[in-house]
Amino acid sequence: MRLGVLDIGSNTVHLLVADVRPGGRPLARTSKRTVLRLMRYLEPDGAISEEGVRALVAAVTEAVAVSRTENVAELLATATSAVREAANGAHVIAAIEEALGQDLQVLGGESEARFTFLAVRRWFGWSAGQILLFDIGGGSLEIAAGSDELPDAAASVPLGAGRMTVQFLADDPPGEGAVERLREHARATLRPVVASMSDAARPDHVVGSSKTIRSLAKLAGYPVPGWSGIERMTLPRSALGSWIPRLARIPASARQELPGITADRTFQIVAGAVVLHEAMRAFDVDELEISPWALREGVLLRYIESLSWSAPPA
């Protein structure tokens, strides 16, 4: 069965098309990403401007056309923090659903964390034991911990890379003072989350997912041998910390010349680095591993589980 997952996030509208079957690994066929950076379209009252709504509808319409060309049997459309928290969210959702021709599933922050945790668990397997997960989107940071397929604890805080760039690092380059103010804000925001998860077991693996974290790992991390010959990326906190002052001094237009920093991440990569560094510090994490699977794969995996299991052919 060919399925599509349309992830309408704070930074991008991303369509993933994959062939799936019960008990099988999703096989990705097509990936289509449109960069929006919805935080640029926020009005002072927290509403998404009409220009932003038009851009969003155009991206969704294009994704729907691609899904039809790819003969997708069912499109699973989800929206995350930017749409969820917009002051005119009902209007935005109605416009998206009209473009989709179907309902839109608007995920809460903890639901985002749970779907992503499921994907990470499946990627690393049961032998990974206790996992602590960080996932940085454009609007929020998701944190989850547990030893099963669903986390024992999950939290979502408004520390997304796009949101923090708009609120704290609007100048280009931002300067040391702005970076320090973001650090202090991230520490204060993370403090109650750390307290709420203080009873969790010490993780066997600390994992980072999302495009922002993968980009930072390519910049400041290093590869190590993985399972079945698959290269595994890890990101030390010390290396990440050493890059932050340098990133903050480089104009956004020049950051894409650095390893791993793509054009759609240049503006928000500094904020993402600061937030991740503070999250690692708050949870006393020296190094994390990178998961190539995240929210979209989690949505696919949960849907696959809902399919009827059929007996193998005789």
Nitroxide proxy distance, nm - points 7 Å out along Cα→Cβ at Ala94 and Ala28 | 3.6
Carbon and sulfur: what percent of the stretch 87-149's accessible surface (1.4 Å probe)?
-> 47
Give, in nm to one decimal, the length gained when the segment between Arg202 and Asp45 is fully stretched (0.36 nm per residue of separation minus the Cα-Cα distance).
-> 52.4 nm
Residues whose built amide H sits under 5 Å from the amide H of Ile48, excluding neighbours closer than 5 in sequence, are Glu43, Ala87, Asn88
If amide H atoms are modeled at 1.01 Å from N in the peptide plane, then the residues at a separation of 5 or more from Leu76, or on another chain, having amide H under 5 Å from its own are Gly4, Val5, Leu6
Bin by bin, in steps of 10 Å, what percent of the Cα pairs in the chain do you find, going until the bin that has the longest distance?
-> 6, 27, 35, 24, 6, 1, 0
Under the rule rounded for a/c under 1.5, else prolate if a/b exceeds b/c, else oblate, using alpha carbon gyration tensor axes a ≥ b ≥ c, the stretch 46-146 is classed as oblate
Inter-label distance, nm, simple model (7 Å from Cα along the C-beta direction), Ala263/Gln102 | 3.1
Averaged per residue, what accessible area in Å² does the stretch 30-154 show with a 1.4 Å probe, protein chains only?
-> 41
What percent does the relative contact order of the chain come to when contacts are Cα pairs within less than 8 Å and at least six residues apart?
-> 19
The stretch 120-181 and the stretch 204-221 have their Cα centres apart by a whole-number Å value of 10
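The values are calculated or read from the model by the stated rules, or taken from the named source; none is laboratory data. Keep in mind the model is a prediction, meaning the values are calculated, not measured. In this analysis, Cβ positions are derived from the backbone assuming ideal geometry, glycine residues included, and neighbour counts consider all displayed protein chains. Areas reflect the complete protein model, heavy atoms only, side chains present, ligands, DNA and RNA absent. Shrake-Rupley method; radii C 1.70, N 1.55, O 1.52, S 1.80 Å.
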